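Below is one structure, written out as structure tokens; the observations come after it.
The values are calculated or read from the model by the stated rules, or taken from the named source; none is laboratory data. Keep in mind that this is a model prediction, so the values were computed, not measured. As a convention, Cβ positions derive from the backbone with ideal geometry for all residues, glycine included, and neighbour counts pool all protein chains shown. All accessible areas refer to the heavy atoms of the entire protein, side chains included, with ligands and DNA or RNA removed. Shrake-Rupley method; radii C 1.70, N 1.55, O 1.52, S 1.80 Å.
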Amino acid sequence: MTFSCKCITLFSEVSPFSSPNVALELVMWRRVVHLVNVLSSFCILFVVVLLFFVNIVFHQVPPFTAPCTDLVFVRHWGASRSLTDSSQGGKALLLLLQLSSRCIVGTLCKPNMAAACARTLVSKVGWSLLQRPAARRPGTGTVSYLLGNVSARGSRRTYGTGVHRSTLLSSLRAGGARALGCAFLLGGGLGLYQTVKLSVRQQQHRAEEEEEEGGTKAAGRDLKLTLYQYKTCPFCSKVRAFLDFYGLPYEVVEVNPVMRKELKWSTYRKVPILMVQDGVQLNDSSVIISSLRTYLINKDKSMSEVIRCYPELKSVNDSGKEVTEYSNKYWLMLSEERNAETYPEKGMQKEEMKWRKWADDWLVHLISPNVYRTTGEALASFDYIVREGKFGAFEGFFAKYVGAAAMFLIAKRLKSRHNLQDDVRQDLYKAVNDWVAAIGKKRKFMGGDRPNLADLAVFGVLRVMEGLQAFDDMMDNSKVQHWYRRMEKATLEHEGRD
């Protein structure tokens, strides 16, 4: 009982992140041990109460005279052998009653208290009861002794000084003491058995956790990542899709689109920004994805070494505005051997890079004209943006109505800039159908049996429309639905983690 109580305390500290099957088995075992503890505690309490009242009735001992409530009495019990005195026996039984009650309360509420009380009962009380002179009386067998020698002495009666006594009851008291001691020792033995059994399971579970943690660190998932984002931004959604698929844990900082005070520490004022431990800052969604994927494959390089392969280039565009671009942002910086392992078939790497660039240069520009196509859709889109984004009360009201009107007008300009049809839905349908046709009927994803970086980029861009009319129309009027649902499942279940 002692050790099983301690086991419950240990198992309560098991990581909640463990394997579902193992976690379920641990929960079931903890419930079984908890039930055994409760039942054994109630059985001991019943025996103690029975002996307690037998002692009161037949010894006429005031049960609450100088009661002992401290465990010091029990600690010195074995040396003093105070049970040989009937009055001290009443106090001892009262103490047993208190300790047993504490065991039950501890089992139900506080495992540490139950373990301490049970340890005292088993090690001190049980052994002391077995060492009592009455329990060691010569000439009595174990069975006849436990039964109180009823057949030999059941009819004998003695009359003393007005107090009715019986040899049968005297034997019953001695036999009861031994039975109680045996019960305590038996409970301790059962607790030890349960402890050994559960300790083996716990060690196996910890070994599995350590192996999983080792694999996590080997795969680079020990990185501490912080993503600064707008939730409804398609470029931020691309990065989230990548992190979710590969099972990389990350924290999210939602940036206020108006004030952007969360980025006041950075000279780069766009999102997404991914901060890695040791102060490494990754900018641009494609650079973030390429550098992280390179790091996961090249375990012998640090993130600082990897990011040097994507130098920042600043230039001035036709309108005189300074723009920042990054070299090699669609490339994975791998050795020839690693590159052959990552892209086993000819043309896979070029195909992946082509469609990643397509997602950034074409697909992403179809989002705004479609979600702000009409005033009603623009208002619904900004209602979603305000609800999911980080806006104050006034900012949210301003963004919802003024922003919706402004984006409705901007969407018209974007349609003209990118030479879109009057019905921009048709351009969206054609784009996703071209994507599905490039995958073909023999592949689940462009990466084959599992998504590659192009799959994750396209999925991330399309995902920002979820919950809007444009997304529902796309799913109903194109061939992208089956691929999209497979991608959704792959990212939710972190299939790239393996």
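Which whole-Hz couplings ³J(HN,Hα) result when phi for each residue of region 255-264 is put into the Karplus expression 6.51 cos²θ - 1.76 cosθ + 1.60, θ = phi - 60°, listed in order with x for Gly and Pro?
Once θ is set to phi - 60°, the couplings for region 255-264 become 8, 5, x, 8, 8, 6, 5, 5, 10, 5 Hz.
Are there any trypsin sites (Lys or Arg not before Pro) in region 413-498 that are in a DSSP loop and have at most 10 other Cβ atoms within 10 Å? List them by number.
Loop-located and lightly packed - Lys441, Lys442.
Grab the other residues whose beta carbon is less than 14 angstrom from that of Ile307, score K and R as +1, D and E as -1, and report the net. Mind showing how you got there, number by number?
Working: positive: Arg293, Lys301, Arg308, Lys329; negative: Asp278, Asp284, Glu305, Glu312.
Within the 14 Å Cβ shell, the charges total 0.
Can you tell me, using C-alpha contacts under 8 Å and at least 6 residues apart, the relative contact order of region 365-454 as a whole percent?
Dividing the mean separation by the residue count of region 365-454 yields 28 percent.
Short version: ³J(HN,Hα) in whole Hz for each residue of region 455-464, in order, from phi by Karplus 6.51 cos²θ - 1.76 cosθ + 1.60 (θ = phi - 60°), x for Gly and Pro, what are they?
Values, residue by residue: 4, 5, 5, 5, 4, x, 5, 5, 5, 5 Hz.
How do the peptides 290-299, 315-324 rank, highest first, by the average count of neighbouring beta carbon atoms within 10 Å per residue?
290-299, 315-324
So if each residue of separation counts as 0.36 nm, and I subtract the Cα-Cα distance between Lys264 and Arg443, what length gain in nm does that give?
Numbers: separation 179, 0.36 × 179 = 64.44 nm, distance 4.50 nm.
Contour length minus Cα-Cα distance gives 59.9 nm.
Multiplying the sequence separation of Arg387 and Lys354 by 0.36 nm and subtracting their Cα-Cα distance, what value in nm do you get? Working shown, then result.
Values: separation 33, 0.36 × 33 = 11.88 nm, distance 3.47 nm.
So the chain would gain 8.4 nm between Arg387 and Lys354.
Quote the charge dipole size of region 249-379 about the Cα centre in Debye, to the nearest 20; the model charges only the Cβ of Lys and Arg (+1) and of Asp and Glu (-1). Provide the component values of the computation, followed by the final result.
Numbers: 19 positive and 20 negative charges, 61 e Å.
Its charge dipole is roughly 300 debye.
Between Asn317 and Ser335, what is the label-point separation in nm under the 7 Å Cα-to-beta-carbon projection?
Label-label distance for Ser335 and Asn317, simple model: 4.1 nm.
Any idea how far apart Glu305 and Thr324 come out in nm if each label point goes 7 Å out from Cα toward Cβ?
Distance between the two pseudo-spin positions: 2.5 nm.
If R0 is 41 Å, what FRET efficiency do you get for Gln281 and Val200 from their C-beta distance, rounded to 0.05?
Efficiency at R0 = 41 Å is approximately 0.30.
Just list whichever of Lys264/Lys430; Lys390/Lys412; Lys400/Lys444; Lys301/Lys442 have alpha carbons separated by over 30 Å in the model shown.
Flagged as over cut-off: Lys264/Lys430; Lys400/Lys444; Lys301/Lys442.
How would Trp331, Trp362, Trp355 rank on accessible area, largest to smallest, probe 1.4 Å?
I get Trp331, Trp362, Trp355, largest accessible area first.
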